[in-house]
Amino acid sequence: MEIPEMMNHIFAKPAMYLSKPSVEHLQTWIMGYAAGLKIKSLEIEEPVYYGFHDWLVGQFGFGHVYSWSSIISFVGKNESKAFALAEDLWNKYLDETKKVDEVTRIEGNI
């Protein structure tokens, strides 16, 4: 399962994957998942997932020195709000990414 799909599963049922709904726990879980894929010698080129950080930096004007979970935690103010915000931002990012992909695909066919 690819990382973006896994993120959607975690947002849908956080208690199955995380000890508590926390953005920091989510990022740690995803990093462990990616490490496991790498150990299994599976390709993990995930431009969608790895583009999320750059997108957040652009949205909020933070530098690249902050992790995506740190940015969302700061903006969300507390853990529960930050986790809900993370899901909202992730879905908004996916929507925007899909629109860019569609435009690129259409322009490629011209």
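The values are calculated or read from the model by the stated rules, or taken from the named source; none is laboratory data. The shown structure was predicted, so the numbers you read here are calculated from the model rather than taken from an experiment. All Cβ positions, glycine included, derive from the backbone under ideal geometry; neighbour counts span all protein chains shown.
Cβ-Cβ distances below 8 Å connect the following pairs, each with a first residue in region 54-82 that is in contact (Cβ under 8 Å) with a residue 40 or more places away in the chain and at negative phi, a second residue that is buried (at least 16 other Cβ atoms within 10 Å of the Cβ) and not in a helix (DSSP H, G or I), and a separation of six or more residues or different chains: Glu79/Pro21; Glu79/Ser22; Ser80/Pro21; Ala82/Ser22.
Out of Gly51, Gly63, Gly76, one residue alone is over 14 Å from the mean Cα position of the chain (by Cα), of a type outside the set (Asp, Glu) and closer than 20 Å to Asn8 by Cβ. It is Gly76. Across region 1-17, the qualifying residues are those that are under 21 Å from Lys38 (Cβ atoms) and more than 14 Å from the chain's Cα centre (by Cα), and the one among them that is surrounded by the most Cβ atoms within 10 Å (Cβ to Cβ) is Tyr17. Exactly one residue out of Val57, Val48 is in contact with a His (Cβ under 8 Å, 6 or more places away or on another chain) and part of a helix (DSSP H, G or I), and it is Val57. Among the residues examined, Ile44 qualifies as of a type in the set (Val, Ile, Thr) and at pLDDT below 90. Considering region 1-27, and only residues there that are among the polar types (S, T, N, Q) and over 12 Å from Trp68 (Cβ atoms), the residue that is modelled with the highest pLDDT turns out to be Ser22.
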